[in-house]
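Here is the structure we will look at, set down as structure tokens.
The values are calculated or read from the model by the stated rules, or taken from the named source; none is laboratory data. Owing to the predicted nature of the structure, the values given are computational and were not obtained by experimental measurement. All Cβ positions, even for glycine, are placed from backbone atoms using ideal geometry, and neighbour counts span all protein chains on display. Accessible surface areas use protein heavy atoms only, side chains included; no ligands, DNA or RNA. Shrake-Rupley method; radii C 1.70, N 1.55, O 1.52, S 1.80 Å.
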Amino acid sequence: MIDYDAIVIGGGINGIAAASMLSSKGKSVVIIEQQSELGGMAAHKREGPTAAHLLWNLNPKVIKDLGLGSISFDDLTSVDTICVCESGNHIRVKNSGAFYLDGRVVDTDGSFRKLTNRLSRYGVLLKKLAENAPFGTDDKLNSTQDILRLLRFGLSLKLLGKSQMRKFLQDILMNVSDFLLDDLPDGPLAGLLSADATRGQFSGPRNPGTVFNLVYRYGHGCELTRPTKGMENFFELLVNAIKKLNVDVKTHVRAEKIVIEEDAVKGVELADGTTVFSNTVLCSSGLNSMKKMVGISYLDIEDSRSIKNLRTMGTTAKVNLKLSKLPIFENIKGPINDCRFIVAPSVDYVDNAFNSCKYGHFSQTPVSESVFTFRQSEFWLSSIIQFVPSKLEGGWNEAAREHLKQVLVHSLSAFIPSLNELIVDFEVITPNDFAEDLGVEGGNWHHSEMSLDQIFNLRPTPRFSAYRAGPKGLYLCGSSSHPGGDIMGLSGRNAAIRVLRNTK
Amino acid sequence: MEAKKSFDAIVVGAGHNGLVAGAYLARAGMEVLIVEKNDWIGGAAVSRSLNEGWTYSNCSYVCSLFRREIARDLELPKYGLQIIPYEGGASFTRDGNYLAYYSDHYALRREISRFSARDADAYQRYATAVMRQCRFIRPFLLRNAPDPTSVRPRDLSEMAFLIKRGYELGTKELQDTMRFWTMSIGDFLDEHFENDLLKAHLAGSGIIGTGLGVYSPGTAYVLLHHYMGDIDGGIGAWGFARGGMGAISEALENSFKHHNGRLQKGSGIDQFIIKNGKVKGVALENGDEFYAPLVISNMDVKRTFLNHVKTEALPEDFKKAVKRFKIRGSSAKLNISLKGFPKFPSAPQNASFLRGDMHCTESLLELEKAYDQWKAGEWSANPYVDMLIPSQIDPTMAPKGDHMMTVFVQYAPYELKVGNSRSAEHWTAERCKALSESVLDQISIACPNIRSHIEHMEVRSPLEIEKEVGLTEGNIFQGELTFDQLFFNRPIPGYSDYSSPVKGLYICGSSTHPGGGVMGAPGANAARTILQTQSKNMHMTGYAS
């Protein structure tokens, strides 16, 4: 008995991308989501704005699959970056040009522009890898298709030219601190890039391999956008698109157990006691939740060990401050919600903030990214704070939350002196809250750390890198699989392609 | 002979790699001159007698990585080299316990079981995984790293060898290998073990000599760098050179001289003589000039090209890349003459592990904190120490009944922070003394009355090591062993074949592939490359060819 061609567990961006891909190829699909709305971690909210407040790398191919080809530049507003400086003369970064708010050019010798250009060049290369399954996942490395792709990638490396190729092969392995400070003086611009490289990560700017994260984040031409009508509206668009594609959506119900018979998937048992039957299940949750749903007896001992060893430490907290009115910035031109405010005055500052996280504390001088959002008639200042450990020493009690908020407010006072008086309400969402609400291990943004030993062929674990896991018919489509996190949807899309190929 | 000014090749610096390169070239029939700035040879592989009756291996102190192929080719045993393997080691704790490490499998298993039965089982898997990686990497040590951007036949053939080796591993093994190479030693150990002390004991090898912490990606590979050696075929075994590490240099010198090589001590190089993009010879600080169409520098890449080559001889890109090469001083050294043998109260009388490497660190977090202090420009308050008393096995090191102790200390920054300024000049005698006090405090965990046994002590700060040995920042590897500086990226992308933009000028120090440690491989590889490309009728013969 079969109810659907495929069941997608989890309605985050990757679940949506996978479902839309399958459905557009004529498969009947159902999404099972425990929250009341689709959108997953990105759309997660309590009282205030959603967890994700900007769009980094939403892939055009995913948009096209969703039949949302009409999302155009009118619907997305590009966002400038304001690096908060202690002097009060902040730096505005727009299209890789950097200016002080009083109009002076920061990047007088053009080295920042050159650096960001280099990053986007590398990004194009990595994008090619991201839009496909990793090499060698067709069960054997020597499949013709893989070899062709490998050669094509080699060729595009070669086409960089000898010196550029050499540079790429070295840069991509470097730590972001050395990479930046080789070309830039340590200051707000270097601080900005090192903060961007390490956001969501449990690694500091001095950790080798962090240049990869930076390239990944700047992968699509350094363009940073927000949906013009707000993030919530954007997720509504996605949900509507999914419904238009005839994808069934069951919200507010947990997938309890993946039903397995004779080592093949038969369906999913839901928390309400019903069972949905299908021979194909795509799971977009983290691997530990997957392990629970499958049951350890259906996994190889080696697999369950690698799942246990996965590094999933969550390091980002969200603090939403509800304001009585908008503060006025005399020297910031244009709408204030078209800017993100970065507090990361130097690479050293970012590194120090990371240091405390290693020992189970958050830094008293935190690295944060903040945006202003308007919801109905409310004003919110919504901040992502980096290097806030899920395993806080002493646990996440009310006092710790209050303290985190105070630490943030104190550091933001550098650019909003009156901030404390403006706050009428606040909420602190810790990595643990994300974990609890969504079932994401450790509250990690990318489900598992995006370090060099957990990417590409090794993501999430070497044996699961083909989007396949455990019993026949079970697929992984969450951001713990290649290429990984950010609101991109490619993990889901790649997984769906894999399903289509196998069920042909 | 004295008046001779022209040679076939000149090697600058008589470190072990310079001596190896020189010896191979001389053996192939070249007339070779080695110049050395100090009055003694050996670079960082030296035995010095700074206190009468005692001999210090005052830089490098133990031996394992030295390639046996080279020892055979250059007949080092014949010239007096004897390596004595040592047994095991231990980590001591503040509460009077210890974890001993034995090379005997069953003894080790029993010992680990004392702390965790699970870890005793896991050690099996751990050792297999590490050994597998050692076996994979060993053949690459005596080969050149291919330049992936080049289509020269020798690069292509090296690339083909790499691909073949990778392919032979099979998908699963290959993935494990990739993972191992990019991971941190802390994570790798966390995957296997639950006991902090065992993890701390094993983690040391992943950070020794580097500017990385135990949780910095890439440190698992550094572990390999300390495991891939062998003594008499025992992979991963370590030993002492009888008579101190200088014995290696001495044997190399004898072998070199046997092949009519000439050695000139006491004056360092001032400039490489370069005309029309070709090297012509060297000008020494004392005014002497020697000429040769081939000059091989044993100095690190920064020292060679930034200090001793006139800048106009080098392309802009190359200079920039050399400037960016990362060499970070992170370690210091104590050499101690001991009166009598100090007591280690927690260890049984005459325990075999006292003859091995001893440590006093109890957890990975302690090591990570030590690293954080180094990042901030301080030396670690609780430094990682790797201490040995070689005179127990090699009686030539100290008078009868007395002992010599060598203590490797990590982390100590090159640019020390005092107030708001960071500078190497802050390493004054008082601060060296203060550093030694921190170290002695740490040693006291294992050996509380160490201070009362000290007859003489040499404290070597990174600055002092730099000044005497010529290692930039006192870094023992002549450059960080991070993956952006390894293999084809070492030292500079495009120049991993020991050559430079100056025709005839080569480098053969540890800043080239495969990197640091008293290995000799960079020297041998450089010599092979030179003989292949620069000489028609002379060839490299022997095991390392």
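General remarks:
- Since only B:THR55, B:ILE34, A:GLY97 are under comparison, the one whose Cα sits farthest along the positive direction of the charge dipole of the protein assembly as shown, derived from C-beta charges on Lys, Arg, Asp and Glu, is B:ILE34.
- Packing here is the average count of other Cβ atoms within 10 Å per residue, and on that basis the peptides B:127-136, B:502-511, highest first, run B:502-511, B:127-136.
- Exposure rank, largest accessible area first [A:LYS358, A:LYS292; 1.4 Å]: A:LYS292, A:LYS358
- Portion, in percent, of the accessible area of region A:397-463 that falls on carbon or sulfur, probe 1.4 Å: 50 percent
- Karplus-derived 3J(HN,Hα), 6.51/-1.76/1.60, for each residue of region A:386-397, Hz, glycine and proline x: 7, 6, 10, x, 5, 8, 6, 5, x, x, 8, 8
- For A:163-175, mean number of other protein chain Cβ atoms within 10 Å: 6
- For the pair B and A, the buried accessible area comes to roughly 3500 Å² in total, with a 1.4 Å probe and the value rounded to the nearest 100.
- Across the accessible surface of region B:104-229, with the other protein chains kept in place and a 1.4 Å probe, carbon and sulfur atoms take up 58 percent.
- Using a probe of 1.4 Å, the accessible surface attributed to B:TYR24 totals some 0 Å² when neighbouring protein chains are kept in position.
- Whether chain B is rounded, prolate or oblate, judged on the alpha carbon gyration tensor where a/c under 1.5 counts as rounded: prolate
- Under 5 Å, built H, 5+ apart or other chain: amide partners of A:PHE426: A:LYS322
- Bridgeable aspartates and glutamates around B:LYS339 (alpha carbons under 19 Å apart, same-chain partners fewer than 8 residues away excluded): B:GLU52, B:ASP394, B:ASP402, B:GLU437, B:ASP441, B:GLU455, B:GLU458.
- Relative to the longest principal axis of the Cα atoms of chain A, the long axis of helix A:111-130 lies at roughly 10 degrees.
- Among residues other than B:LYS503 with Cβ under 12 Å from its Cβ, the summed charge is +3 (Lys and Arg +1, Asp and Glu -1).
- Computed over region A:361-464, relative contact order equals 20 percent, with contacts defined as Cα pairs under 8 Å that lie 6+ residues apart.
- Relative packing of A:320-331, B:351-362, which averages over residues the other C-beta atoms within 10 Å, highest first: B:351-362, A:320-331
- The long axis of helix B:196-207 is offset from the longest Cα principal axis of chain B by roughly 10 degrees.
- Rounded to the nearest 10 degrees, the inclination of helix A:188-198 to the longest alpha-carbon principal axis of chain A is 20 degrees.
- Neighbouring Cβ atoms from other chains, within 10 Å of the Cβ of residues in B:171-182, number 5 on average.
- Within 10 Å of the Cβ of each residue in B:487-496, the mean number of Cβ atoms contributed by other protein chains is 3.
- Integer Hz, Karplus 6.51/-1.76/1.60 couplings in order for region B:121-137, x for Gly and Pro: 5, 5, 4, 3, 5, 4, 5, 4, 4, 5, 4, 4, 5, 4, 5, 5, 7
- About the centre of its Cα atoms, region B:104-229 shows a dipole size close to 420 debye [charges on the beta carbon of Lys, Arg (+1) and Asp, Glu (-1) only; nearest 20 debye].
- Projecting the Cα atoms of B:ASN350, A:ASN420, A:LEU270 onto the charge dipole of the protein assembly as shown (Cβ charges, centred on the Cα centre) puts A:LEU270 farthest toward the positive pole.
- Per residue, the solvent-accessible area of region A:111-222 (1.4 Å probe, heavy atoms of protein chains only, all protein chains present) comes to 37 Å².
- Accessible surface of region A:111-222 [probe 1.4 Å, protein heavy atoms]: carbon and sulfur percent: 59 percent
- Dipole in debye (nearest 20) - chain B, about Cα centre, beta carbon charges: Lys, Arg +1; Asp, Glu -1: 1220 debye
- Calculated accessible area for region B:104-229 comes out at 38 Å² per residue, all protein chains present (probe 1.4 Å; ligands, DNA, RNA ignored).
- Computed from backbone phi with θ = phi - 60° and the Karplus coefficients 6.51, -1.76 and 1.60, the 3J(HN,Hα) list for region B:150-157 is 9, 10, 4, x, 6, 5, 5, 6 Hz; x is used for glycine and proline.
- Listed residue pairs exceeding 30 Å between alpha carbons, taken from A:LYS325/A:LYS391; A:LYS229/A:LYS308; A:LYS61/A:LYS243: A:LYS325/A:LYS391; A:LYS229/A:LYS308
- A protection proxy built from the mean count of other Cβ atoms within 10 Å ranks the segments A:28-35, A:304-311, most packed first, as A:28-35, A:304-311.
- Rounded, prolate or oblate (a/c below 1.5 giving rounded, otherwise prolate when a/b exceeds b/c) for region B:405-545 by Cα gyration tensor: prolate
- Near the amide H of A:THR280, within less than 5 Å, lie the amide hydrogens of A:ILE7, all on another chain or at least 5 residues away, with H placed in the peptide plane.
- In the structure shown, the pairs A:LYS291/A:LYS504; B:LYS265/B:LYS400; A:LYS127/A:LYS162; B:LYS369/B:LYS400; B:LYS37/B:LYS275 are assessed against 29 Å; a Cα-Cα span above that value is assigned to B:LYS265/B:LYS400; B:LYS369/B:LYS400.
- Backbone amide hydrogens, once placed in the peptide plane, bring A:LYS27 within less than 5 Å of nothing, excluding anything fewer than 5 places away on its chain.
- B:LYS275, B:LYS326, reordered so the largest accessible area comes first (probe 1.4 Å): B:LYS275, B:LYS326
- Computed with the Debye formula from one identical point scatterer per Cα of the protein assembly as shown, without solvent, the log10 of I(q)/I(0) at q = 0.04, 0.05, 0.07 Å⁻¹ comes to -0.21, -0.34, -0.66.
- Nearest-20 debye value, chain A charge dipole, Cβ charges on Lys, Arg, Asp, Glu: 1640 debye
- Toward the positive end of the charge dipole of region A:295-400, with +1 on the Cβ of Lys and Arg and -1 on the Cβ of Asp and Glu, the farthest Cα among A:LEU299, A:THR315, A:VAL347 is that of A:THR315.
- Under 17 Å of direct C-alpha separation, and excluding same-chain neighbours fewer than eight residues apart, B:LYS333 reaches these lysines: B:LYS433, B:LYS467.
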